[in-house]
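Peer 1: There's a structure below that I have some questions on.
Nothing in this text is a laboratory measurement; each read-out follows from the coordinates by a stated rule. Remember, predicted model here, so these are calculated numbers, not experimental data. Here Cβ is always computed from backbone atoms with ideal geometry, including for glycine, and neighbour counts include all displayed protein chains.
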Amino acid sequence: MPRIVECVPNFSEGRRPEVLEEIVRALRAAPGVLLLDREMDADHNRAVVTIAGPPEAVLEGAYRGIAKAAERIDLRVHKGEHPRMGAADVVPFVPIAGVTMEECVALARALGERVGRELRIPVFLYEAAATRPDRANLADVRRGEFEGLREEIGKNPDRAPDFGPAVIHPSAGAVAIGARMPLIAYNVNLATRDVSIAKKIAKAVRHSGGGLPSVKALGFELKDRGLCQVSMNLVNYKETPIHRAFTAVAREAEGHGIAVVGSEVVGLVPEEAIVECADFFLKLENFEPNQILETRLREASEARSESKEEFLERLASNSPTPGGGSVAALSGALGAALVSMVSRLTLGSKKYAEVSKPIKEILDSAESIRSELVRLIDRDAEAFEKVLRAYKMHRAGEGEERARNEAIERGLLEAIEVPLETMERASSLIDLAARVAAIGNVRAISDAGVAAYMAEAAARSAALNVRINAAGLTSEAKRRELLARMDRILEAVRARTAETESVVMGKM
């Protein structure tokens, strides 16, 4: 089983999508990193991004994201409802599969040391990674926010960072890096503009106020929406599930004579937590998780995956999907599988025992990239089908024509983004092929070369899909931006493939 770590960095940016896009691109540039989710909130002026992958890949991705945030976010001009002390404000590592909490603590400390040393940003370790009891709680670490910490750091010994200089970074502030179990960010919206009521309710339901166990809560005003919010972190949803948090807030709100108008989950949530809510509110009897349709479908899909012959039959049919974009992703996935094979042949040999650690890192990253490329096979077809549906929309009147054009533009952008993702994964894969060719089992050197060729084929094939879809965009500026991104990837791919080919030929 692959070793998987999740990382959920929070950035102090919720109003400039182009800045978040740069940060996300930096996070994903690390080979092996999978992007799971991104959320922006203008009122909070905050973004939450979720990535996952092998521990070393996620560590590198998190560092690149912090560095890009420090470059693009200036806390001196940042205002928002959510407390913050850094451009990259909070960066937690979460164990998912084959990884212990202790290993996540080690990742947090390794990242903290590097951020402090290379970026000159003060780092505070929190939750399971905390080096002292008064820093286990994030709220205590972030007390006073950016402005308060700027005044205290270097003067108050209690505010000395775990890593980095004892002086605030002038624009990027400080960052809290930690390790924790899966957390659910859950907000309940109230039909009132009186923020004092929201704060009273938050105090009543949070654990530190004598309320629900494993719940942190704050009250905010959402001015743009004309209401207030109780924003909660459920740090252990087994102790306090979502439905208990909701009913507690609703009960307190009723006591103040106000109504709950809605709630939201920010970021990702375990399926089990949502099933528990349905079970509770519907008062289901003898309900089992395998009664969920999607669960059965997932089990059936895992039990019977599409055969090579069936895929080729679909590809050879007169249907436009799957098409060249899916084949590009498949080519990359085949290359990733070859990198994994060479890695495993190397790990199984005593002759290469001294390179077992870097080879294990290559294997973990290759498996992560393979998984993403397999997903992109279907995503490419799904994206192009949206474009086809948009072109078939009615356009009888001006309103319908405008709606159709907007749908086409959205569809084309997605149909461009998917092959660009394929290209980025393929570029990362060529780096892995180069590394395994340099230190891997020489008896499998030709396979490392084929892996590089397959990755190059994936990138160059996906580029054709970028070009043909970009031609349909109405925004010339957006077209130039996307094509420039494509050209940068292609240039790197061609150069790295040539280098790998040279290594392979030399060893043969």
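Peer 1: With 20 Å as the cut-off, how large is the P(r) tail for region 315-507, expressed as percent of Cα-Cα pairs?
Peer 2: For region 315-507, the share of Cα pairs beyond 20 Å comes to 58 percent.
Peer 1: Using Cα pairs closer than 8 Å and at least 6 residues apart in sequence, work out the relative contact order for region 315-507, in percent.
Peer 2: Relative CO of region 315-507 lands at 30 percent.
Peer 1: Going from the alpha-carbon gyration tensor of region 184-270, what semi-axes, largest first and in whole Å, does one get by taking the root of 5 times each eigenvalue?
Peer 2: Largest first, region 184-270 gives 19, 14, 11 Å.
Peer 1: Relative to 2.2 N^0.38 Å, what does the C-alpha radius of gyration of region 131-171 come to as a ratio? Two decimals please.
Peer 2: Relative to the rule-of-thumb radius for its length, region 131-171 sits at 1.10.
Peer 1: What do you get for trypsin sites (Lys or Arg not before Pro) in region 87-139 restricted to DSSP loop and a cutoff of at most 16 other Cβ within 10 Å of the site's Cβ?
Peer 2: Answer by residue number: ARG120.
Peer 1: For region 96-175, what does the alpha-carbon gyration tensor say about shape, rounded, prolate or oblate, given a ≥ b ≥ c as the root eigenvalues, a/c under 1.5 as rounded, and a/b over b/c as prolate?
Peer 2: Judged from the Cα gyration tensor, region 96-175 comes out prolate (a/c at least 1.5, a/b above b/c).
Peer 1: If a/c stays under 1.5 just call it rounded; otherwise compare a/b with b/c (prolate if a/b is bigger, oblate if not). Do that for region 4-179, with a ≥ b ≥ c from the square roots of the Cα gyration tensor eigenvalues.
Peer 2: Oblate.
Peer 1: Could you give the length gained by full extension between LYS155 and LYS283, i.e. 0.36 nm per residue of separation minus their alpha carbon distance, to one decimal place?
Peer 2: 40.5 nm
Peer 1: Right, next: Around VAL90, which amide H atoms from residues at least 5 apart in sequence, or from another chain, sit under 5 Å from its own amide H, with H modelled in the peptide plane?
Peer 2: Residues meeting the amide H criterion: ASN10, ALA176.
Peer 1: Please give the per residue volume of the convex hull enclosing the alpha carbon atoms of region 400-508, rounded to a whole number of Å³.
Peer 2: Dividing the Cα hull volume of region 400-508 by its residues yields 72 Å³.
Peer 1: Just check region 221-273 against the gyration tensor rule for me: Cα atoms, a ≥ b ≥ c as the square roots of the eigenvalues, rounded for a/c under 1.5, and otherwise prolate or oblate depending on whether a/b exceeds b/c.
Peer 2: oblate
Peer 1: Over 20 Å between Cα atoms: which of LYS351/LYS507; LYS79/LYS203; LYS79/LYS223; LYS200/LYS223 fall into that group?
Peer 2: Cα-Cα > 20 Å for LYS79/LYS203; rest within.
Peer 1: Still on this structure, I have one more. For the chain, what does -39500 (n - 2.57) per DSSP helix run (n ≥ 4), summed and divided by total residues, give at 222 nm, in deg cm²/dmol to the nearest 500?
Peer 2: -18000 deg cm²/dmol
Peer 1: A further question on this structure: In bins 5 Å wide, starting from 0, what share of all Cα pairs of region 210-368 does each bin hold, as a percent?
Peer 2: 1, 6, 10, 10, 10, 9, 9, 10, 11, 11, 7, 4, 2, 0, 0
Peer 1: Of ILE177, ILE153, how do they rank once you tally other Cβ atoms within 10 Å and put the fewest first?
Peer 2: Taking fewest neighbouring Cβ atoms as first place, the list is ILE153, ILE177.
Peer 1: Could you state, as a whole-number percent, how many of the C-alpha pairs of the chain are farther apart than 37 Å?
Peer 2: 38
Peer 1: Only counting other Cβ atoms within 10 Å, I'd like TYR126, TYR453 sorted with the fewest neighbours first.
Peer 2: With the sparsest Cβ surroundings first, the list reads TYR453, TYR126.
Peer 1: Which of the helices in the chain, when you take each full DSSP H run, stretch at least 30 Å along the axis at their Cα atoms and have an average Kyte-Doolittle score of -0.5 or higher?
Peer 2: The answer, listed by residue number, is 324-347, 356-391, 398-439, 445-470.
Peer 1: Percent antiparallel among DSSP beta bridges with both residues in the chain, to the nearest 5?
Peer 2: So the antiparallel bridges in the chain amount to around 80 percent.
Peer 1: Something else about it: For region 32-96, what D do you get in µm² per second when you plug the Kirkwood radius from alpha-carbon pairs into Stokes-Einstein at 10 °C and 1.306 mPa s?
Peer 2: Approximately 123 µm²/s, per Stokes-Einstein.
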